[in-house]
Amino acid sequence: MEYEAVIGLEIHVQVKTRTKMFTAAPYEYGAPPNTLTDAVVLGLPGTLPVLNHTAIEKCAKLGLMLGCEIAEVCKWDRKNYFYPDSPKNYQLTQNEEPLCIGGKVEIELPGPSRNVEGEHRWVQLNRIHLEEDPGKLTHEAFETVIDFNRAGVPLAEIVTEPDMSSSTEAVAFLNCLRNMIIYAGISDCDMEKGQMRCDANVSLRPVGSEKLGTRTEMKNLNSISNVKAAIEYEIERQAEILDDGGKIIQETRRWDVDTASSFSLRSKEEAHDYRYFPDPDLMPVQMDRARVAELEAELPERPLDKQRRYQTDLDLPFTITSVLCVNRELSEFFEEALKTHNAPKQIANYITNDLLRELSEASEHGESALSVGECKLTPEHIGTLAKIIDEGVISKQIGKEVFTEMFKTGDMPDAIVEKKGLKQSNDTSEIEALCREAIAGNAKAVGQYKDGNEKALNALKGPVMKATKGKANPGMLDQLLKKLIDEGE
Amino acid sequence: MSSIFYKTIAELSAMLAAGETTSVEITQAVIDRTAAVDDKVKAFLSTDADDALAQAKASDERRAAGKAIGPLDGIPVGIKDTLAVKDQPLRCASKMLENYVSPFDATCIVKLREAGAVIWGRLNMDEFAMGSSTENSAYQTTGNPWNLETIPGGSSGGSAAAMAAGEAIATLGTDTGGSIRQPAALCGVVGMKPTYGLISRYGLVAFASSLDQVGPFARTVEDAALLMEAMLGKDPLDSTSIAPQGETNYAEALKEKKGPWRLGVPREFFGEGIDPEVKANIEQAIDWYKRQGCEIVDISLPHSELAVPVYYIVATAEASSNLARFDGVRYSHRSEEAKDALTLFTKSRGEGFGDEVKRRIILGTYVLSSGYYDAYYLRAQKVRRLILGDFENAFEQCDAILTPTSPTPAFKQGERSDDPLAMYLSDIYTISVNLAGLPAISIPSGFTESGLPIGLQVIGKAFGEAEMFAVANAFEQGHNYAQQTPTL
C-alpha cells in the first residue's frame with residue numbers, strides 16, 4: 001500500500017541568557033564539569049527557584065518571531081520523574097499554561113537545483129513553553145558521571161502540529177526555524193553543543209486517509225542529518241510492519257547514530273506518569289502587554305521576508321538572496337553598505353563572492369570561516385569601493401586588487417588607490433599610442449576581430465593593460481581599439 | 001527572681017543594655033542548663049557551644065564598642081533541624097541527611113544574625129517535619145519537660161521542649177499544619193505562625209511548600225513579636241515571600257492596642273473529640289476576654305471538618321515531589337547495596353526515610369497520579385479556597401478568632417504511634433489556618449489537673465499580626481502562666 005507520513009517535531013532550544021532559568025549561576029558551553037553550579041542548581045535542601053525574567057522575555061520574543069500568541073499569564077508546573085541527571089527529580093516546566101500559543105513557520109523546500117528557489121509553505125506550531133535543562137550523564141566503562149553545568153539552563157520547547165509529511169519538509173523546517181532563532185538572537189542553535197535538540201513523532205496512514213495512524217516518538221536526534229535519517233528509517237520501518245499486516249506500537253524509540261537505526265526505549269504502558277502539578281514555589285507570570293508590544297517592535301525582519309524584499313525591491317536573484325539572507329549579520333552589512341552607495345547588485349556580489357571567499361580563506365586552519373564582524377572591513381569599505389568603480393575612478397579589474405588589499409589592511413579603498421597609484425587612466429593620447437602599438441604587434445588578432453571574433457580584442461587589450469598596470473579605462477580601451485582597427489581598414 | 005535561662009528577651013535585653021549581664025554569661029547559662037537537663041529532655045540533636053560562645057563574644061564586643069544592634073543582640077536562639085545554618089548539620093531528624101552539613105544560612109537565620117542573635121544548636125523534630133509528637137525523629141524521642149513520659153508535640157517538639165526546659169531564650173520552628181502552635185501549647189510556651197509569605201522560606205527544607213512557614217517560640221508574646229520583626233520581609237530568594245503590609249512594629253504596637261476587640265469563636269471547634277479539661281479551660285479564657293469588655297461573636301467555619309483531609313492531600317502531594325531530591329545521588333544517604341540507577345534510588349530511599357515519611361510520599365504520589373489528580377489534588381485545592389472563604393466571612397464579624405490550639409494536652413509517648421489517623425487529629429484546630437495562609441499564635445492558658453499545659457490559639461487576619469499579638473498579649477498580661485516553669 002502507499003502511505004503518507006505524518007510528522008511532528010519537538011525542538012528544544014537553549015535560550016541564550018547570562019544566568020540560568022531559576023538562579024544566578026552562570027552558563028557557558030565547555031566549562032570544566034560541575035563548575036557552573038550553585039546551591040539551587042544542585043537542589044540542595046532549602047533552596048528555592050527564582051525566575052530569570054530575561055529568559056521569559058527571550059522566549060516571548062521567540063514566540064512573536066514564530067507568530068505565536070503570547071499568553072496573558074503563564075504558569076509553572078512540576079514534571080516528576082526520577083533520573084540521576086535531574087537534581088530535584090522534578091523538572092520545572094509549563095504544562096498547563098505555556099508562554100506561547102499556536103504560531104506558524106514559513107519554510108522553503110529545496111528547489112530542483114541549487115540555483116532555483118523551491119516551494120514555500122507554512123508549518124503550524126502547537127505551542128512554545130519554557131523549562132529547565134537537566135544535567136548531562138556520561139556513561140563510562142564501569143561508571144556513569146554527571147555534569148550539572150547544563151542543569152537549569154533555560155530551554156524553550158517548540159512543539160509543532162503533526163504538519164509535515166517527509167524528512168525533506170522536516171529538514172527544511174529545522175533549517176528555517178534555526179535561521180529565525182539565530183536571527184532573533186534567542187540562541188546560537190549549535191546542535192553539536194546541544195543548543196538545539198530534536199525529537200520526531202512519526203506515523204503513517206494510507207494515502208488519502210484523514211485518520212492519523214499510531215505514532216512513535218524518536219529521541220536523541222542531535223543533528224539535522226540525524227533527523228533526516230531517523231525519519232526515513234522510521235517511515236520505512238512502519239511501512240514494512242503495516243505491509244506485513246502488523247500494528248504499530250505506540251512507543252518511544254532512541255536513534256542510534258552508530259548503527260543508523262533505532263530501538264525501543266519504552267512502550268506506552270511503560271511511559272512515565274509525570275504527576276504534573278502546579279509548582280508552589282513560583283508565582284504565575286503576568287505578561288505585561290506593553291512590554292510584549294515593545295518586544296514585537298524589536299523583532300528583526302524574518303529571513304524569508306527579507307529574501308522576498310531583496311528579490312522584489314532590489315531585483316536581486318535567488319542565487320544571491322539565498323546566500324545573503326540566511327545570515328542576519330551579512331544582510332545587515334549589505335544594507336549598511338547600500339547607505340554609502342546604492343548599488344545593490346554590485347555590493348551584493350562583493351559580499352557574496354569576494355567577502356565570503358576572503359573570510360573563508362582567512363580562517364585559521366580552515367576550520368570555520370571568520371564572521372563578518374571579525375574582519376577589518378566595514379560596510380563603508382565595500383560601499384566606497386563600489387562607488388569609486390561606478391564613478392570611473394578605478395576599473396572593476398583594479399577593484400579586485402583593492403578589495404584584497406583593504407581586506408588585509410583595513411584601509412579605505414580610496415586611500416589604497418591613492419597610495420598605490422591605481423587611479424584609472426583616462427588619458428586618451430597615452431592609451432591611443434599604446435593601442436596603436438598593440439594593433440601593429442598582433443596582426444593575427446586584428447584579422448580574427450575583423451572576421452567577426454570580438455573576443456580576439458582581448459589579446460590586444462592585454463599589452464595595453466600591462467603597460468598601464470591595469471589602470472587603462474576598460475571602456476575607453478575597448479572603444480579606442482575598435483575605432484583604430486576600423487579606421488585602419 | 002527566675003534563673004537567667006528562664007528570662008525573656010525583653011528582660012535580658014534591658015540587663016545587657018544596663019551592663020548587668022553579658023551575652024557570654026547568658027549563652028554560657030543556656031549551655032550549662034542544656035548540659036544539665038538535655039539528657040532527660042533530649043531536645044537537641046546537636047549543639048556547638050564553641051560556636052555559640054564565639055557569637056556571644058562578638059556581641060559583647062559590639063556592645064562594648066557602642067554598636068549594639070537591638071533587643072536580639074546577644075540572645076541565644078535555638079534552631080529547628082529543618083532550617084539551614086551555615087556549617088552546621090541539617091538533618092531534618094532523618095537518616096537520609098545523616099552526614100549533611102549546610103553550606104549556607106536560611107534567610108531567617110541571616111536576618112537573626114543581622115539582629116545580633118546567637119544561633120544555638122539543632123533542635124529535634126519529627127523527621128522532615130512530618131508528625132505531631134516528635135516521635136518520628138530518626139535519632140531520639142524528646143520528652144515534654146512538664147512530664148517527661150509525655151510527648152512535647154510536633155513537629156517542632158525540640159524547639160518547644162527546649163523553651164520549657166530553659167535550654168534557649170527563644171527558638172525557631174516551622175509550621176505546616178500546626179507544627180509550632182501545637183507543641184507550644186503542649187509545652188506551655190508561646191508559639192507563633194505568621195501569615196504565609198511574611199518570612200522567607202529560603203533555607204527551610206521544604207515539606208509542603210504552599211503551607212510551610214517559619215515562626216518563633218518564645219516565653220512571651222512580646223518576645224515573639226520582637227523575633228518576628230527581625231525575620232519578616234520580602235526575600236529575593238523566595239518568590240512566595242511578600243513585603244509586609246500594615247503595622248510591623250509589633251512589640252511597640254502591643255503597648256498601644258488595648259482592645260476591646262470583637263472575638264470570633266467558631267462553634268465547630270468545640271464539638272466531638274475535644275478533651276473536657278481543654279474545653280473548660282478555653283471557655284474560661286473566652287469568658288475572661290468577655291469580662292474585659294470584648295464582644296464574643298459566635299462564628300461558623302463550615303468547611304473546617306474538611307481541613308484535615310484536604311491537608312493530607314495537598315501537603316502529601318507537595319511532599320512527594322519536594323522529597324524526591326533525596327535520592328542517594330549527591331548528598332543524601334546512599335545505599336551500599338545500590339547496583340544501578342534504579343536501586344540507587346529505591347534502596348537509598350528505602351533505607352533513608354522513616355515510616356511516616358514513606359507513608360506520606362506514597363499518599364502524595366497516589367493523589368497526583370494520572371487519573372486521580374482531578375478527584376483528589378484539584379478538588380482539595382477547591383475546598384482549600386472554600387476554607388479561606390470561611391475565614392474571610394468570619395473576619396467580617398470579628399477582629400480575631402479564639403480556639404483551642406490542640407484538642408488534648410500532651411499524651412503519653414507511644415500512645416498514638418500505631419494510629420496515624422489519631423495522630424493526624426492532633427492538628428485539627430491548627431491545620432485550617434495553614435490552608436488559609438493566616439497568622440495564628442498559641443499562648444499558655446492554664447494547666448490540666450495533672451499539671452500539663454493547655455494552649456489558647458488566637459487567629460488573626462492575613463497580615464493582621466499586630467492585632468493578633470495585641471489580643472494574645474492582653475490575655476498574657478492578665479495571667480501568670482508565662483512565668484511558670486516545670487521542675488526538672
Counting pairs of alpha carbon atoms under 8 Å apart in space and at least six apart in sequence, what relative contact order in percent does region B:1-120 give?
26 percent
Return, for the Cα atoms of region B:163-213, the radius of gyration and Dmax in Å, separated by a comma.
11.5, 32
Helical contribution to [θ] at 222 nm, DSSP H n ≥ 4, -39,500 (n - 2.57), averaged over chain B, rounded to 500:
-11500 deg cm²/dmol
Could you check the simple spin-label distance between A:E437 and A:Q286, using points 7 Å along Cα→Cβ, in nm with one decimal?
8.5 nm
13 Å Cα-Cα reach of B:K412 towards aspartates and glutamates, excluding residues that sit fewer than 8 places from it in its own chain:
B:E135, B:E149
Partner aspartates and glutamates whose C-alpha sits under 18 Å from that of A:K450, ignoring same-chain residues fewer than 8 away, are A:E437, A:D478, A:D486, A:E487, A:E489
Simple spin-label estimate for A:E270 and A:K419 in nanometres, 7 Å along Cα-Cβ
6.9 nm
Please give the contour-minus-distance gain from B:W288 to B:Q484: 0.36 nm per residue of separation, less the Cα-Cα distance, rounded to one decimal in nm.
68.6 nm
Mean residue ellipticity (222 nm) of chain A, computed from DSSP H runs ≥ 4 via -39,500 (n - 2.57), nearest 500:
-11500 deg cm²/dmol
Using 0.36 nm per residue of separation minus the Cα-Cα distance, give me the extension gain between A:D313 and A:K466 in nm, one decimal.
51.1 nm
May I ask for the equivalent-ellipsoid semi-axes of region A:327-366, computed as the square root of five times each C-alpha gyration tensor eigenvalue and listed largest first in whole Å?
22, 10, 7
Counting other chain Cβ atoms within 10 Å of each Cβ in A:80-86 and taking the mean gives 5
Over the C-alpha atoms of region B:158-254, what are the Rg and the largest Cα-to-Cα span, Dmax, in Å?
13.0, 37
May I ask for the equivalent-ellipsoid semi-axes of region B:10-104, computed as the square root of five times each C-alpha gyration tensor eigenvalue and listed largest first in whole Å?
28, 16, 10
Taking the number of other C-beta atoms within 10 Å as the exposure measure, put B:R330, B:R113 in order starting with the fewest.
B:R330, B:R113
I'd like to know how the protein assembly as shown sits against the 2.2 N^0.38 Å rule of thumb: what's its Cα Rg over that expected value?
1.28
Fewest to most Cβ atoms within 10 Å: A:H381, A:H272, A:H341 sort as A:H272, A:H341, A:H381
Check: C-alpha center region B:311-342 vs C-alpha center region A:103-179, spacing in Å is 33 Å
Rounded to the nearest 0.05, what FRET efficiency do A:K444 and A:E161 give with R0 = 45 Å and r taken as the Cβ-Cβ distance? Could you check?
0.05
Over region A:373-489, consider all pairs of different Cα atoms and compute the Kirkwood hydrodynamic radius from their mean reciprocal separation; express it in Å, one decimal.
15.4 Å
Scattering from the C-alpha atoms of region B:383-468 alone, worked out with Debye: what is log10 I(q)/I(0) at q = 0.17, 0.19, 0.23 1/Å?
-0.78, -0.91, -1.12
Could you work out the per residue convex hull volume over the alpha carbons of region A:94-166, in cubic angstrom?
190 Å³
DSSP beta bridge pairing in the protein assembly as shown, given as percent antiparallel to the nearest 5:
80 percent
Please compute the Cα-Cα pair-distance distribution of region A:301-420 with 5 Å bins starting at 0, giving whole percents from short to long.
2, 12, 23, 24, 19, 13, 7, 2, 0
Surrounding net charge for B:T174, when Lys and Arg each add one and Asp and Glu each subtract one, Cβ distance under 12 Å
0
Could you pull out the pairs from A:K400/A:K469; A:K228/A:K268; B:K193/B:K258 whose alpha carbons sit more than 18 Å apart here?
A:K228/A:K268; B:K193/B:K258
The pairs in A:K345/A:K396; A:K455/A:K482; A:K79/B:K80; A:K339/A:K471 lying past 19 Å Cα-Cα in this model are A:K79/B:K80; A:K339/A:K471
How big is the gap, in Å, between the Cα center of region A:313-345 and the Cα center of region B:1-49?
79 Å
Could you work out the equivalent-ellipsoid semi-axes for chain A, taking the square root of 5 times each eigenvalue of the Cα gyration tensor, largest first, in whole Å?
58, 28, 20
What does the charge add up to near A:K16, with Lys and Arg as +1, Asp and Glu as -1, over the other residues with Cβ less than 14 Å from its Cβ?
+2
What would the Debye equation give as log₁₀ I(q)/I(0) for region B:321-396 at q = 0.11, 0.15, 0.17 Å⁻¹, counting only Cα atoms as equal point scatterers?
-0.46, -0.67, -0.76
Hypothetical label at B:R262: residues of region B:394-431 whose amide nitrogen lies under 16 Å (7 Å Cα-Cβ projection)
B:394-402
Hey, what's the per residue convex hull volume over the C-alpha atoms of region A:282-325, in cubic angstrom?
98 Å³
Charge context of A:L457, other residues only, Cβ under 13 angstrom, K/R +1, D/E -1:
+2
If I model region B:204-255 as equal point scatterers sitting on the Cα atoms and use the Debye formula, what is log10 I(q)/I(0) at q = 0.14, 0.15, 0.23, 0.25 Å⁻¹?
-0.44, -0.50, -0.99, -1.07
Please compute the length gained on full extension between B:T346 and B:I296, using 0.36 nm multiplied by the number of residues separating them and subtracting their Cα-Cα distance.
12.6 nm
Over all directions, average the projected area of the Cα convex hull of region A:428-488 and note it in nm².
3.5 nm²
What percentage of all Cα-Cα pairs in chain B are separated by more than 30 Å?
41 percent
Sorted by packing (mean other beta-carbon atoms within 10 Å per residue), highest first, where do B:215-221, B:33-39, A:128-134 land?
B:215-221, A:128-134, B:33-39
Under the Cβ-under-4.7 Å rule, which cysteines of chain A stay unpaired?
A:C59, A:C74, A:C176, A:C189, A:C198, A:C325, A:C375, A:C435
Quick one, can you get me the convex hull of the C-alpha atoms of region A:3-292 expressed as volume per residue in Å³?
160 Å³
How compact and how long is region B:138-180, expressed as Rg and Dmax of its alpha-carbon atoms in Å?
10.0, 26
Treat each spin label as a single point 7 Å out from the Cα along the C-beta direction, and report the A:E192 to A:R121 distance in nm.
3.2 nm
Once you have the alpha carbon radius of gyration of region A:77-208, what is it after dividing by 2.2 N^0.38 Å, with N set to its residue count?
1.26
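We did not get these values from a lab; they are worked out from the coordinates using the rules stated. Quick caveat: nothing in here was measured; it's all calculated off a predicted structure. Glycine gets a Cβ as well: all are built from the backbone with ideal geometry, and neighbour counts include every protein chain shown.
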